[in-house]
Amino acid sequence: MFEIRKIAITYDGREDRLRLVFTDADASTQTFALTRRLAGQLLRALCQWLEDSVVEGVDRGKLAAVLEARHVESLSAVARRREEAREQQPDTDKSPGSKPEPDEPAGSQAGQDALPRLLTRVGLSRRKAALALQFFVGTEPAEARGIFGPPAVHTIVHRLCRVIANAGWDAGLQVPAWTRVRVEDESQTKIILH
């Protein structure tokens, strides 16, 4: 089974589908398509899981402040800096004289151009303080899976919100208020993602 390390979410206007490009630890990619209906169901389930997991340690009145996009951006920046620091450390597993393997960035052109397979369902299950996501195509066993903690689920939720809004799919979509951020120069609330 494909173990997800990174997720790129984009909108494919030709197919009117979301495109999910998953990358594993070896920088291999798999591409899947997500329908509007399934994207809305997934977003609501992820939001509910976040609210349930955060409520355990947070006063209910402060929930929106903990879950809003600006807080998530600061958590993501810390995680990004940690990841960059790990990548800059020398690789001690290589034997002397071995050739370095070419790096292919996550969401590379090859992964972006791959023909996506249509996801038919997404399984969610609790794993202690994390959430396990399994992605299914047809009636086959799960094609890909990933286990994500609350900061990663925050990031997925906010990116999913942004892509859904940019696709014009957000009309009638009921999402919690904490996924929305007031834009300073406009009087209208919009869904914004980092």
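Computed values, structure above
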read-out: Members of segment 134-158 that are among the hydrophobic types (A, V, I, L, M, F, W, C) and over 15 Å from Leu43 (Cα atoms); value: Phe136, Val137, Ala142, Ala144, Ile147
read-out: Strands (runs of 3 or more DSSP E) enclosed by segment 81-194 - at least 3 residues per element that are under 21 Å from Ala33 (Cβ atoms) and at pLDDT 70 or above; value: 121-127, 130-136, 144-148
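The values are calculated or read from the model by the stated rules, or taken from the named source; none is laboratory data. Keep in mind the model is a prediction, meaning the values are calculated, not measured. All Cβ positions, even for glycine, are placed from backbone atoms using ideal geometry, and neighbour counts span all protein chains on display.
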